Amino acid sequence: MARLLELHFHFLFTCIKELSLSPKIHRAPSGACQPPPPPASLHIMDPRVCGLLLLLSAALCTAEIPVDCCLAVSKKRHLPGKLIQRYELQEAGSGCDISATVVHTIKGRQLCLPHPEGHPWVQKLLRIVDQT
């Protein structure tokens, strides 16, 4: 995904650069108005392609891309609160499919537990973590 964004922005910046270097009309010796010939190194991109790339970049930049989401939750209820360093709540509809509680252990592992709403054992565990 990062490589795709890198390529996309490369094309976008090329497009913007070429639009800013758009040819100006000048009088040819014959008197007709013509754009000057482009330099040999300049390849002029179609403005419609540039517009499409601009729209795609806006769509990619505003899209929510979930980094880490719990896909399922553990039903294990014997998790000592002293092993949990911190936690965060994952809400369904905010880039993830399910609501969950992501706990981070002192050993650097992540566990997915049910959302505290409707699960008293998770609420109790989070209160223990909040007190430490």
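Derivation of every value follows stated rules applied to the coordinates shown; laboratory data play no part. The structure presented is a predicted model; accordingly, all values stated were derived computationally and were not measured. Note: ideal-geometry Cβ built from the backbone for every residue, glycine included; neighbour counts use all protein chains shown.
Checked against (1) of a type in the set (Val, Ile, Thr); (2) part of a loop (DSSP other than H, G, I, E, B); (3) exposed (fewer than 15 other Cβ atoms within 10 Å of the Cβ), residue 128 meets all criteria but (2). Note on the range 83-97: residues that are surrounded by 13 or more Cβ atoms within 10 Å (Cβ to Cβ), part of a strand (DSSP E or B) and out of contact with any Ser or Thr (no Cβ under 9 Å at 6 or more places or on another chain) amount to 1.
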